[in-house]
């Protein structure tokens with residue numbers, strides 16, 4: 001699709017967000033996290049405690065942080081999220097015992113909770129301000145996902161090399177400058193202001209509790225949204241299941257240890273692959289939709305009946321990428337139906353439901 005002046009201007013406007021998302025994705029510490037945790041005293045029980053700590057923080061904070069973004073500033077909440085990520089990894093780098101690292105896990109949960117829903121709300125409203133409709137959302141949000149995924153993949157590869165040349169603690173410390181620049185870059189982001197139209201018109205702003213209840217009513221009470229939310233949660237859970245339990249297929253097949261590195265990189269890259277494809281598949285076209293459903297079904301069946309490691313890996317990668325594409329499309333359908341004043345909160349609510357189901 002040829003670029004119009006509006007889309008060129010929109011891409012330029014979102015550039016600080018793209019740069020920030022790339023820098024947030026440079027998690028050099030991620031590939032050595034479990035090794036570092038073992039070095040400071042984690043055992044299987046405490047690994048479970050850490051996972052539970054993280055799992056509790058995200059659902060508790062997700063919707064309230066989305067409401068805060070809708071009431072105050074999406075850019076401000078995103079900056080706070082990145083600062084929480086910076087603090088999390090800093091605490092991790094300084095950790096010498098299990099209990100201090102649990103603080104690191106809690107702060108990481110704060111980051112994901114505050115980021116959830118906020119990024120897509122920024123992108124959708126920016127598209128809406130520039131074009132008057134949400135048609136370009138899938139492509140623009142997919143591009144954001146692509147940069148984040150590319151950084152995750154590059155960071156994983158670089159982190160392993162850095163840890164081999166230095167040590168795991170240094171790998172954590174070297175992640176910090178990128179996060180600091182990620183927060184600073186957002187200062188150049190011109191935030192959409194559609195969610196503050198009520199403030200400009202002189203209408204009294206509702207209390208936080210009232211705004212929260214409006215968000216929850218929109219999420220649960222709007223009949224047209226229920227099937228959209230249900231499918232979004234289903235695709236989100238399916239994607240998480242593949243990321244968390246996909247390696248078990250390789251374990252069952254007795255795959256060599258060397259296979260797990262490229263496999264993990266490929267699965268991480270599906271976020272970017274799906275982001276790159278987003279907007280190119282027309283879900284309102286019967287043939288396109290039938291093709292997506294057929295491929296999803298074929299990949300799922302392959303995971304059940306195939307005994308080949310390489311075939312299962314390909315099926316998982318294709319299935320994950322299509323789930324990402326489908327999820328991005330469903331985000332657009334969701335945002336088309338809700339007002340900007342509750343956009344981040346409702347999107348965060350979908351994330352909370354996905355976490356609870358998973």
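Here residue 295 meets each of (1) closer than 30 Å to residue 124 by Cβ; (2) surrounded by fewer than 21 Cβ atoms within 10 Å (Cβ to Cβ); (3) at pLDDT below 85 with one exception, condition (3). Restrict the check to the stretch 315-323 and report whether at least one residue is outside any loop (DSSP other than H, G, I, E, B), under 30 Å from residue 193 (Cα atoms) and in contact (Cβ under 8 Å) with a residue 40 or more places away in the chain. No: the stretch 315-323 contains no residue that is outside any loop (DSSP other than H, G, I, E, B), under 30 Å from residue 193 (Cα atoms) and in contact (Cβ under 8 Å) with a residue 40 or more places away in the chain. Under the condition of being modelled with pLDDT of 80 or more and either under 16 Å from residue 318 (Cα atoms) or surrounded by 13 or more Cβ atoms within 10 Å (Cβ to Cβ) (or both), the residues counted in the stretch 246-261 number 5.
Yes or no, residue by residue, for (1) under 25 Å from residue 143 (Cα atoms); (2) assigned to a helix (DSSP H, G or I); (3) without any contact (Cβ under 8 Å) to a residue 60 or more places away in the chain:
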site: 259; (1), (2), (3): no, yes, yes
site: 279; (1), (2), (3): yes, no, no
site: 284; (1), (2), (3): yes, no, yes
site: 298; (1), (2), (3): no, yes, yes
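Somewhere in the stretch 110-122, is a residue surrounded by 21 or more Cβ atoms within 10 Å (Cβ to Cβ), out of contact with any strand residue (DSSP E or B) (no Cβ under 7 Å at 6 or more places or on another chain) and under 16 Å from residue 279 (Cβ atoms)? Within the stretch 110-122 (the criterion being surrounded by 21 or more Cβ atoms within 10 Å (Cβ to Cβ), out of contact with any strand residue (DSSP E or B) (no Cβ under 7 Å at 6 or more places or on another chain) and under 16 Å from residue 279 (Cβ atoms)), the answer is yes, since at least one residue qualifies.
The combined condition, being assigned to a helix (DSSP H, G or I) and in the same structural domain as residue 305 (by TED's automatic domain parsing), is fulfilled by residue 232. Regarding the stretch 42-51, can at least one residue be identified that is within 19 Å of the chain's Cα centre (by Cα) and either free of Cβ contacts under 8 Å to residues at least 60 places away in the same chain or not assigned by TED's automatic domain parsing to the domain that holds residue 153 (or both)? Yes, the conditions are met somewhere in the stretch 42-51. Only a single criterion out of (1) within 17 Å of residue 322 (Cβ to Cβ); (2) in contact (Cβ under 8 Å) with a residue 12 or more places away in the chain is not satisfied by residue 293, namely (2).
Can you tell me which residue within the stretch 155-187, out of those that are at pLDDT below 95 and within 17 Å of the chain's Cα centre (by Cα), is surrounded by the most Cβ atoms within 10 Å (Cβ to Cβ)? Across the stretch 155-187, the extreme among qualifying residues is 155. How many residues are exposed (fewer than 15 other Cβ atoms within 10 Å of the Cβ) and in contact with a helix residue (DSSP H, G or I) (Cβ under 8 Å, 6 or more places away or on another chain) if we restrict to the stretch 299-335? Qualifying residue count, the stretch 299-335: 2. For the criterion of being more than 22 Å from the chain's Cα centre (by Cα), without any contact (Cβ under 8 Å) to a residue 60 or more places away in the chain and crowded, with 19+ Cβ neighbours inside 10 Å, residue 95 passes.
The values are calculated or read from the model by the stated rules, or taken from the named source; none is laboratory data. Nothing here was measured: the structure is a model prediction, and the numbers come from that model. Note that each Cβ is placed from the backbone with ideal geometry, even for glycine, and that neighbours are counted across all protein chains shown.
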